[in-house]
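Novice: A single structure is presented below for examination.
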Amino acid sequence: MSLTTGRGPHSARPAGRFSSPVPSPVTYVEPFQRRVRARAGGSVVVDSERVLLVHVPGQPPAYAFPAADVRLPGGEPEPAAPGHVRVPWDAVDEWYEEEERMLGHPRNPYHRIDCLRSTRRLHVSVAGRVLVDTSDTVALYETALAPRLYVHPDQVDRTILRPSPTTTYCPYKGTASYWTAVVDGVVVEDVAWSYEDPLPESSQIAGLLGFDEGRATVEAELPAPSRALDGGLSGDLSGDEEPSSG
């Protein structure tokens, strides 16, 4: 996310442009001044305070460790950082930064979420039935992704929503639960999602609902991407994924 995915500067579809050409692909490597540990089979197999964070275009960030800090076979040499290795995320049972468990992938220091109270209008319909029509919204602005509008459940026609077994995880927002719409026998799976217990930086959307424009008709009063960059923008941002981002 942020630098290398979504609409970040080193992603496949950057939202903006550099003032001068940048080699492509380019990998960015930086010191990551946190203690990182991994456990597998009840044992600590990675323990390092000499971590590098590697940003590869099209991928979330990854840890790279001095080989001496890894006690696990199968570490892959990191081409961008000689003497360092990567450990596949799924090769261990648990990852920790300091004493906090990490899920999904390393969190990106360049990723930010701002949740702002808004009067931007949101109108959502499913199978011809109005699900939401309100200007009492919360706008979520997330690095390298299109903005989203969330609404309180009281603003939603919940009579047509049913809980879905689907869940996704975002390292910046937490676990999303989904909702299916049923309208006159028409079933539209996972039309909405909510973060019932979001991570602290996303606490303002706790229990609010967002809506999938690929499954419902969503009209959100949001600013269009600026065209001031003379071609630096590459099309509409609205199709980018949000709940499972990161």
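Novice: Scan (1) surrounded by fewer than 18 Cβ atoms within 10 Å (Cβ to Cβ); (2) of a type outside the set (Phe, Trp, Tyr); (3) under 26 Å from Gly58 (Cα atoms) for the single condition Ala176 breaks and write down its number.
Specialist: Single failed check for Ala176: (1).
Novice: Please indicate, with yes or no, whether at least one residue in region 28-47 is in contact (Cβ under 8 Å) with a residue 60 or more places away in the chain and of a type in the set (Lys, Arg).
Specialist: Yes.
Novice: Hey, another quick one. Which of the following residues is touching a residue at least 24 places away in the same chain (Cβ under 8 Å) and touching a Ser or Thr at 6+ places or on another chain (Cβ under 7 Å): Leu103, Leu140, Leu149?
Specialist: Among Leu103, Leu140, Leu149, only Leu149 is touching a residue at least 24 places away in the same chain (Cβ under 8 Å) and touching a Ser or Thr at 6+ places or on another chain (Cβ under 7 Å).
Novice: Okay, moving on. For region 111-122: of the residues being at pLDDT below 95 and assigned to a loop (DSSP other than H, G, I, E, B), which is farthest from Pro60 (Cα to Cα)?
Specialist: Within region 111-122, the match that is farthest from Pro60 (Cα to Cα) is Arg112.
Novice: Follow-up. Scan (1) at pLDDT 95 or above; (2) in contact with a Leu (Cβ under 9 Å, 6 or more places away or on another chain); (3) closer than 26 Å to Ser11 by Cα; (4) not aromatic (Phe, Trp, Tyr) for the single condition Ala144 breaks and write down its number.
Specialist: Exception for Ala144: condition (1).
Novice: Okay, moving on. Does region 123-138 contain at least one residue that is crowded, with 16+ Cβ neighbours inside 10 Å and part of a loop (DSSP other than H, G, I, E, B)?
Specialist: yes
The values are calculated or read from the model by the stated rules, or taken from the named source; none is laboratory data. Predicted model only: the values in this text are computed from it and were never measured. All Cβ positions, glycine included, derive from the backbone under ideal geometry; neighbour counts span all protein chains shown.
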